[in-house]
1. Rounded to a whole number of µm²/s, how large is the Stokes-Einstein D of the stretch 176-221 at 4 °C and 1.567 mPa s, given Rh as the Kirkwood radius over C-alpha pairs?
2. Checking the a/c ratio against 1.5 first, then a/b against b/c, what shape does the Cα gyration tensor give for the stretch 131-238?
3. Determine, for 121, 7, the number of other Cβ atoms within 10 Å of each Cβ, and report the residues in order from fewest to most.
4. Please report the projected area of the stretch 23-82's Cα convex hull averaged over all directions, in nm².
5. With label points built 7 Å along Cα→Cβ from the Cα atoms of residue 36 and residue 263, find their separation and express it in nm.
6. Would you kindly state how much longer the chain becomes between residue 248 and residue 222 on full extension, computed as 0.36 nm times their sequence separation minus their alpha carbon distance, in nm to one decimal?
7. Just order 255-262, 47-54 by mean Cβ neighbour count inside 10 Å, highest at the front, would you?
8. Pairs of Cα atoms under 8 Å, at least six residues apart: use those to get the relative contact order of the stretch 131-238, whole percent.
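Each value in this text was obtained by applying a stated rule to the coordinates, not by laboratory testing. Note that the structure is predicted; figures quoted are calculated from it, not measured. Cβ coordinates were reconstructed from backbone atoms using ideal geometry, including for glycine residues, and neighbour counts include every protein chain displayed.
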Amino acid sequence: MSDSRFKIVFDGALRPGVESTTAKLNLAELFKSDVEAIEKLFTGRPVALKRDLSHPDAQTYLTALHNAGVDARIEAEQPVAFSLAETHETSSSTADRAAASPYAPPRAAVGDDLPEFATLKVFTIHGRIGRLRYLAWTLALTVAMLVAAGIISTVGFAVATASPTIAIIIGSLLGFALFVALVVVSVQIGVQRLHDLGWSGWLYLLNLVPLVNSVFPLLLLVLPGNTGANQYGAPPPRNSTAVKILASLWLAFIPLMLIIVVTLGMNGYLDQLEANMDSSYESSSITSDADADQSAIVDEAAAQSADDAAEPVDSPEQ
């Protein structure tokens, strides 16, 4: 090899003020390697990071290494203990020998590497959401449905002034589309909540079972999700301030709706009871009037009979 070729040598020294962990991470990024392989460069022995370089190329590599935080140097080509490529080869050969041995422990991957938190997606049945986010998204869906229903009603009234038939057709189509959209998004949100519990999304069909559908939604609101990753992915992100506010509003909205429903039911019951009492009173009044009329007729007939009896009868002689 000609004397004009150079190499980059590193013996574990760092630039002033650079931490060992930072330098190792920078080298792993620079060489597109893992940290375990980079650890083997910090043994104190000289390591050839790059070989067979011209002096300008060697200077370029040296500048990059200095920026990474390591104190490398340029030397003319000469034998060294081992290089970064040899490190990878040694690791792979050791792994191959371990795999070839019948007494070696299994080296299969236990599972896929998952991020700390999953990415949120509303319009999908994949992923997970927690209790508060389930409430917040349900409230947002309800508000959107009410706004859409108001727009459809406004359009229907506007068209009805011109053509009632067209208004009925358009209102029916838009109402059906809104209903389908509501069902689809509700199922997607519910399935993600079931995934957070570690349950299958098919359990959402329990909402169609009588009696069960009155308890099952409460379970989705009460039961906590899995703290770590499960078969449906990583846990959802932490609840934001907006999610907490919307969930609080929804929790306050549910008792309010119950109070309104109970109040309306009581008012309807009282109105029905009052109507029944009025009807009974009118019936009794009519009956009393009929009895009075009948008594008057009887009295009049009796008086007439008395008058007829008191009237003198002419004798035959007269």
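1. The calculation lands on 117 µm²/s.
2. prolate
3. 121, 7
4. The Cα convex hull of the stretch 23-82, projected and averaged over all directions, gives 4.0 nm².
5. About 6.7 nm separates the two model spin labels.
6. Extra length available between residue 248 and residue 222 comes to 7.9 nm.
7. Averaged packing, sorted descending, gives the order 47-54, 255-262.
8. 27 percent
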